[in-house]
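To keep things clear, I will list the structure first and then write my remarks on it.
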Amino acid sequence: MAFAEKNLLTLPPVEIAGRRLKRYHVTSDPAGIEPEVERAAYALLPELLPEPDGTPAAGFVVLHRGGDTGAYLNTYSWVWDNVLHFRGAAAGQPALDCPDTDPAHFVPTERPWIGCVWELAPLGHERDAWIRHMLAPDTPDLAAYLGDALPSGTTDTGAGS
């Protein structure tokens, strides 16, 4: 099977456990990710987020619905001023130690993987946005950072951003 980009949907930021998070959804399905998968993923988020450390409590999540029974939740949180903290979870993927094939039954993963080729599309943009709005200005602007997201489109949207 040849490689194909997937759909990338950018949703408004949410606040979970005191942390403001941008949201990206990745899927091959033009209808998007099933609501029950989204609800289950976001219900697990507080468990995946780091403790506050004085850095503005922000980050982004990538929720990916695989083409089979799998679903993947990647959380990236800004810590230590300029470092990305990563935690992930998976559902419906027995190869990743999920207990069943239910794409809404998320469990944290301990593998050191930070994302697949489709899930990595937002990383370059988010790095640049953090610098642009939080590190480079004399006064950091969290609202501007949260408003600066990749546009919806496909996962190749992140190329060259």
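The values are calculated or read from the model by the stated rules, or taken from the named source; none is laboratory data. What you are looking at is a predicted structure, and each value in this text was computed from that prediction instead of being measured. Counting neighbours? That spans all protein chains shown, and the Cβs are built from the backbone with ideal geometry, glycine included. With ligands, DNA and RNA removed, areas are computed over all heavy atoms of the protein, side chains included. Shrake-Rupley method; radii C 1.70, N 1.55, O 1.52, S 1.80 Å.
One table, with the values for the structure above:
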| read-out | value |
| --- | --- |
| Helix-only [θ]222 nm of the chain, DSSP H runs n ≥ 4, -39500 (n - 2.57) each, per residue, nearest 500 | -5500 deg cm²/dmol |
| Approximate shape of the range 90-145 as ellipsoid semi-axes (Cα gyration tensor, √5λ), whole Å, largest first | 35, 12, 9 |
| Relative contact order computed over the range 1-55 (Cα-Cα under 8 Å; 6+ residues apart), in percent | 27 percent |
| Sequence of V62, V14, V117 when ordered by accessible area, the most exposed leading, probe 1.4 angstrom | V117, V14, V62 |
| Point-to-point label distance, D29-F3, nm (Cα→Cβ direction, 7 Å offset) | 2.5 nm |
| Centre separation in Å (Cα based) which lies between the range 75-92 and the range 95-158 | 8 Å |
| Longest exposed-site-free window of the chain, the sites being chymotrypsin sites (Phe, Trp or Tyr not before Pro) in a DSSP loop that have at most 16 other C-beta atoms within 10 Å | 4-79 |
| Kirkwood Rh in Å, taken over the chain so that all alpha-carbon pairs contribute | 15.9 Å |
| Estimated distance in nm for a label pair at A43 and A17, the labels positioned 7 Å out from Cα along Cα-to-Cβ | 1.6 nm |
| Long-range amide H partners of D141 with built H, under 5 Å | M134 |
| E110 accessible area, assembled protein chains, probe 1.4 Å, Å² | 150 Å² |
| Calculated FRET value between A144 and H105, using beta carbons and R₀ = 30 Å, to 0.05 | 0.25 |
